[in-house]
1. Take Phe165 and tell me if it is under 26 Å from Gln92 (Cα atoms), aromatic (Phe, Trp, Tyr), touching a residue at least 60 places away in the same chain (Cβ under 8 Å) and in contact with a Leu (Cβ under 9 Å, 6 or more places away or on another chain).
2. Please tell me if Asp101 is in a loop (DSSP other than H, G, I, E, B) and out of contact with any helix residue (DSSP H, G or I) (no Cβ under 8 Å at 6 or more places or on another chain).
3. Output the number of residues of segment 74-86 satisfying the condition of being modelled with pLDDT under 95 and more than 19 Å from Phe49 (Cα to Cα).
4. Of the residues in segment 275-294, how many are out of contact with any helix residue (DSSP H, G or I) (no Cβ under 6 Å at 6 or more places or on another chain) and surrounded by 14 or more Cβ atoms within 10 Å (Cβ to Cβ)?
5. Residue check: is Asn128 within 20 Å of the chain's Cα centre (by Cα) and at pLDDT 95 or above?
6. Return yes when Pro216 is of a type outside the set (Ser, Thr, Tyr), over 30 Å from Pro240 (Cα atoms), within 16 Å of the chain's Cα centre (by Cα) and surrounded by 14 or more Cβ atoms within 10 Å (Cβ to Cβ) and no when it is not.
7. Check off (1) modelled with pLDDT under 95; (2) part of a strand (DSSP E or B) for Pro161 and give me the number that stays unchecked.
8. Take the residues in segment 319-341 that are within 20 Å of Tyr95 (Cβ to Cβ) and crowded, with 20+ Cβ neighbours inside 10 Å, then tell me which one is farthest from the chain's Cα centre (by Cα).
Amino acid sequence: MPNIKPVFTRCSSLSCRWSGTFYTLFGLFLLVPVLSVQAQIGGESTYQFLNLVAGTKQAALGGRVLTAVDYDPTSGIYNPATINPKMDNQLQVNYVNYLGDVNYGTASYAYTWDRHVQTFHAGVTYLNYGSFDGYDEQGNSTGEFGGNEVAVSFGYSYNIPWSDFYVGGNLKLITSQLENFTSTGGAVDLGLLYYDEDKAIRAAVVVRNLGTQFTPYNEIYEKLPLEISAGFSNTMKNLPLRLHVTLENLQKWNIAFSNDANAQTDLDGNVIPEEPGFFNNILRHTVLGLEIFPEQVFEVRLGYSFRRAEELRIQNTRAFSGVSAGFSLKMNKLRFSYTHARYTLASHTSLFGVNINLQ
């Protein structure tokens, strides 16, 4: 394998002029969903597993990170523009002990061909729903049944010459089996990344799951879970800290909903429902993440998802919903990582990951 250095280079005069154009486009991406769509998310499309957290690092940083440009090839599953030569010959495997008996995992690998062709990526996401007891209309047992879903992705990222811009794409093949119903489909992810290495600034826009079902479960074709996200990150100059800010689900602006538990009753006995305001809705799009000692032998990661915290909040109880934390430890050519994500008092999940340097 040839010794290839990362292609991320210093900002040239041409790329510096392009950066202004990027931020203009970046702002437009944020405005389009505001002007176009008013709806909530969830339960409107099939293959929802495509938007699950891909790995331990992403989970620890709040569940959504678009600007992780490092050794971990898992980030290429969510934003193909982050595929880079630092991932060359790196294999990452993640396992998630999810809610109930549901388990899922991801595996990803990247290979750099050369400086000109740059880097290719392959990833697998697998979800197993466990086993269920089946019954017919009369309540007679029909035995156990299960369900699983798999997505295989092939990705590529390219550095636009003489610039700090990177474009990437994933092609995904999807298969799903729920009891005796099966479905197949295909989708693409598109990513745009701006990375100023001198200023340690990264910004990204990602459109995920543009595609269709090839064969439906039962004659009716369903939509895929389209998601548009934008992200920004910055590494502090004099502190070993990296801050991530992600705006998720920009394809739908109004994702806040009225919680009946937050309704109030006036003196006349009239029930006044909760009405989430403009800034409350903005916060539900926001995910914050913090890395301590980024890309060092030992890393600490913290995250907070405002939407998860609000939707799973229990009245008058401190459950720390929306909080996630994790770490990674490098030992020779292995890096072990762990993340704990909090949902409610009765529900949390653990994620385990191993990165293997195959060089």
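1. Working: under 26 Å from Gln92 (Cα atoms): yes; aromatic (Phe, Trp, Tyr): yes; touching a residue at least 60 places away in the same chain (Cβ under 8 Å): yes; in contact with a Leu (Cβ under 9 Å, 6 or more places away or on another chain): yes.
The answer is yes for Phe165.
2. yes
3. 3
4. Going through segment 275-294 one residue at a time, the tally reaches 12.
5. No, not satisfied.
6. In short, no.
7. (2)
8. At the first step, the residues of segment 319-341 found to be within 20 Å of Tyr95 (Cβ to Cβ) are 324-331, 333-341.
Okay, now just the ones that are also crowded, with 20+ Cβ neighbours inside 10 Å, so 324, 326, 328, 335, 337, 339, 341.
On the way: Ser324: 14, Gly326: 16, Ser328: 19, Arg335: 21, Ser337: 17, Thr339: 15, Ala341: 14 Å.
Among them, the one singled out is Arg335.
The values are calculated or read from the model by the stated rules, or taken from the named source; none is laboratory data. Computed from a predicted model, the values in this text were never measured in an experiment. Positions of Cβ are backbone-derived with ideal geometry, glycine not excepted, and every protein chain shown enters the neighbour counts.
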